[in-house]
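The values are calculated or read from the model by the stated rules, or taken from the named source; none is laboratory data. Note that the coordinates shown come from a computational prediction; the quantities given were computed from them, not determined experimentally. Please note: Cβ atoms are built from the backbone with ideal geometry, for glycine as well, and neighbour counts cover all protein chains shown.
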Amino acid sequence: MGSAFRLSGLIILLAALLSPVGLRAQQMRPHSILVLDQSDRRGPFYYQVSVGLRDAVSAHSHAPTTVYTESLDLDRFGGEAYQEGFRQFLEAKYRDRPIGVVVTVGAAALELALRWRPQLWPDTPIVFSLVEEADFKRLQPPAYVTGGIVSLKLKDAVTAARAVMPGLKTIVLVGADWDRQVLFRNWKDQAAAGIPGLEIIEIIGRPMSEVVERVATLPEHSAIIYTGLYSDGKGNYYPPSDALAFVAASANRPIVVAAETFLDAGGIGGFVIVPSSIGAEAAQRALRILDGEAPESLPPSAVDAVKPIFNWRQMQRWNVSKASLPKGSEIRFREPTFLEKYRWRAVALTAALLLQTMLIAFLLHERFMRRKAEVESRDRLSDLAHINRQATAGELSSSIAHELNQPLGSILTNAESAELILNSPTPDLQEVREIISDIKRDDLRASEVIRRMRSLLKRAPFEKKEIDLNQTMREAFDFLRLQASARNVAVYLQTSPQTLRVKGDPVQLQQVILNLVVNSMDAMAKMPYGRTIIGRTEVNGDASAVISISDSGPGIPQDRLNDIFDPFFTTKEQGMGIGLSIARTIVLAHSGQLWAENQSGGGAVFHLSLPLAA
Ligand code: ADP
């Protein structure tokens with residue numbers, strides 16, 4: 001930074017030594033700018049011009065430059081007396097403040113500066129800004145005057161109007177009297193010349209009340225082109241952007257504008273002049289002159305300050321798509337889309353949803369695996385129960401054989417008797433009939449034994465259905481009765497008077513009962529007499545059914561009451577120790593409970609509780 005500064009200083013010094021004129025100019029020009037603004041800078045447009053100018057001056061850091069600004073307020077004040085008074089005021093005010101360059105804003109300000117120069121700043125160059133082409137030609141400024149010429153064309157505004165209104169037929173020009181307009185005065189002639197294929201309505205120089213009324217009922221396929229209104233026609237003055245807001249509030253067609261500061265006030269956009277560029281351009285010329293360049297070496301030229309800019313909000317209102325705008329258009333006031341506005345919230349929400357989905361998927365998988373495991377364990381249980389039943393069947397086989405022998409024996413005896421009767425010369429057919437009916441009964445008895453045996457031995461999958469627990473209990477006890485009498489055990493069954501509806505697998509539940517009764521018979525095997533088993537069914541409240549099987553055996557050692565349900569726990573020589581563990585597993589699979597107690601009068605009692613079906 002320091003070395004750059006030194007280097008540029010050296011270059012300036014060398015240039016000054018080589019050129020005596022340059023040296024003189026450099027010495028004579030103080031680093032100060034007086035801005036003469038034709039407006040009073042109330043409105044945003046002129047304010048933006050001065051912002052652009054000041055920013056450019058501040059950026060010019062190598063030589064601090066003072067900026068003075070005077071607002072001539074020529075919109076509202078004029079006449080010889082006012083102008084002369086202002087000149088005297090400036091003369092007095094800046095008597096001891098040398099001015100390096102005068103910058104004018106607007107053609108009217110340039111006109112006054114040219115007139116005042118011989119008296120106020122005889123040697124000071126003038127840089128003009130915001131001067132329209134026609135004004136420039138009219139004023140024909142001398143060589144010490146330079147600046148940027150602005151060119152705004154009605155043709156460009158029409159291009160913008162066609163972009164925002166498909167099938168444009170009419171343009172409606174809204175603005176102050178042409179002669180009062182600074183930048184758009186020449187549009188008067190351009191409008192008068194006409195535009196091929198378009199009708200032109202002029203609402204020019206009319207009071208605000210009339211303007212507002214007329215813009216509300218414009219024909220279809222028309223667009224407004226707004227140049228600027230400065231008063232309401234009743235002596236009230238306002239910045240033209242404020243006036244535009246009134247017009248926009250009642251207009252029934254989009255409003256094409258030609259100044260950047262009209263965008264915010266309700267204009268849809270167009271080829272707009274950017275005021276800060278005007279200020280910046282003027283400042284750059286002024287600074288070059290202050291740095292030693294002669295104004296003659298910077299001839300006036302067109303300034304590039306017009307850009308196609310459009311208002312997104314108004315585009316939405318008039319349904320104008322981006323595609324229909326002129327090439328290279330800039331869009332302002334675009335509201336961020338939902339995603340742009342809530343980007344992080346949307347990302348967080350999506351992440352949360354994703355996480356939730358993953359969690360749900362995981363839980364579903366988990367559930368599926370648990371179901372699968374449950375099915376597998378039930379299959380195993382069925383297999384194990386089947387083995388257990390086969391063992392029981394083996395144990396019961398002698399009594400079953402006995403049970404089958406009985407009917408088979410009487411069938412044989414009856415058949416022989418029938419044969420004898422039939423061989424006699426006068427057979428008693430009535431008796432033969434009775435014998436045959438006995439044979440049938442015995443045959444049914446035998447096949448019933450076989451049916452029960454087969455049902456005990458069948459490998460059935462675990463299957464729950466609604467059953468009556470009393471019925472299940474009765475069938476199991478019937479099956480055991482013969483075995484019991486063979487082992488000298490008295491068996492009693494007391495079922496509850498009401499039916500006990502439970503959801504369960506009848507084969508499996510019968511097996512539980514069978515296991516408990518066979519265990520009781522085993523426990524009493526060594527007793528010389530008094531072997532008794534009592535089966536009971538009852539309801540416990542509204543919720544469950546309870547089966548109890550008690551015996552008159554020795555009971556279970558108190559500290560073993562739980563262990564007996566463990567797999568492979570047995571106290572029997574030939575025991576496998578799986579009967580009770582299978583029984584408990586079956587009961588748990590039915591959401592029930594199985595537990596053992598000792599009776600106060602001796603003997604063990606097993607309780608089995610199952611939830612009643614709703
Ligand atoms: P196992 O009959 O093959 O021994 P269990 O699981 O059916 O296998 O029984 C385990 C043990 O529980 C038996 O060995 C016995 O000690 C005890 N037990 C079962 N029922 C009774 C009962 N009613 N009275 C006394 N002890 C019993």
Checklist entry - Which of the residues spanning region 523-552 are over 18 Å from GLU597 (Cβ atoms) and within 15 Å of the ligand (Cβ to nearest atom)? => result ALA525, LYS526, MET527, GLY530, ARG531
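Taking strands (runs of 3 or more DSSP E) that do not extend beyond region 184-258, which have at least 2 residues that are more than 25 Å from GLY106 (Cα to Cα) and not charged (D, E, K, R)?
Numbers: elements: 199-204, 222-228, 255-257.
Of the strands (runs of 3 or more DSSP E) lying wholly inside region 184-258, those with at least 2 residues that are more than 25 Å from GLY106 (Cα to Cα) and not charged (D, E, K, R) span 199-204, 222-228.
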Checklist outcome for this item: Those residues of region 538-561 which are over 60 Å from the mean Cα position of the chain (by Cα), touching a residue at least 12 places away in the same chain (Cβ under 8 Å) and not in a loop (DSSP other than H, G, I, E, B) amount to SER548, ILE549, SER550, ASP551, GLN558
Checklist entry - Within region 221-255, can you find the residues that are touching an Asp or Glu at 6+ places or on another chain (Cβ under 9 Å), among the polar types (S, T, N, Q) and over 23 Å from LYS153 (Cα atoms)? => result SER231, SER250
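Is it the case, given these coordinates, that VAL605 is touching a strand residue (DSSP E or B) at 6+ places or on another chain (Cβ under 6 Å) and more than 10 Å from the ligand (Cβ to nearest atom)? First the steps, then the outcome.
On the way: touching a strand residue (DSSP E or B) at 6+ places or on another chain (Cβ under 6 Å): yes; more than 10 Å from the ligand (Cβ to nearest atom): no.
The answer is no for VAL605.
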Checklist entry - Is it fair to say ALA161 is assigned to a helix (DSSP H, G or I) and more than 30 Å from PRO299 (Cβ to Cβ)? => result yes
Checklist entry - If we scan region 172-183, do we find a residue that is surrounded by fewer than 21 Cβ atoms within 10 Å (Cβ to Cβ), touching a residue at least 24 places away in the same chain (Cβ under 8 Å), touching a Gly at 6+ places or on another chain (Cβ under 7 Å) and acidic (Asp, Glu)? => result yes
Checklist entry - What single numbered condition from (1) exposed (fewer than 15 other Cβ atoms within 10 Å of the Cβ); (2) farther than 30 Å from PRO461 by Cβ; (3) within 7 Å of the ligand (Cβ to nearest atom) fails to hold for ASP563? => result (3)
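Residues in region 121-158 that are assigned to a helix (DSSP H, G or I), farther than 30 Å from HIS221 by Cβ and modelled with pLDDT of 95 or more: how many?
Looking only at that region, the number is 0.
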Checklist entry - Picking from LEU594, LEU580, which residue would you name as being near the ligand (Cβ under 8 Å from one of its atoms) and either crowded, with 19+ Cβ neighbours inside 10 Å or in a strand (DSSP E or B) (or both)? => result LEU580
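I'd like to verify a number: residues in region 414-456 that are within 22 Å of LEU482 (Cα to Cα) and of a type outside the set (A, V, I, L, M, F, W, C), how many?
Residues that pass the stated criteria total 12.
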Item to check | Of all residues making up region 85-99, the number that are within 13 Å of LEU112 (Cβ to Cβ) and of a type in the set (A, V, I, L, M, F, W, C) | outcome: 3
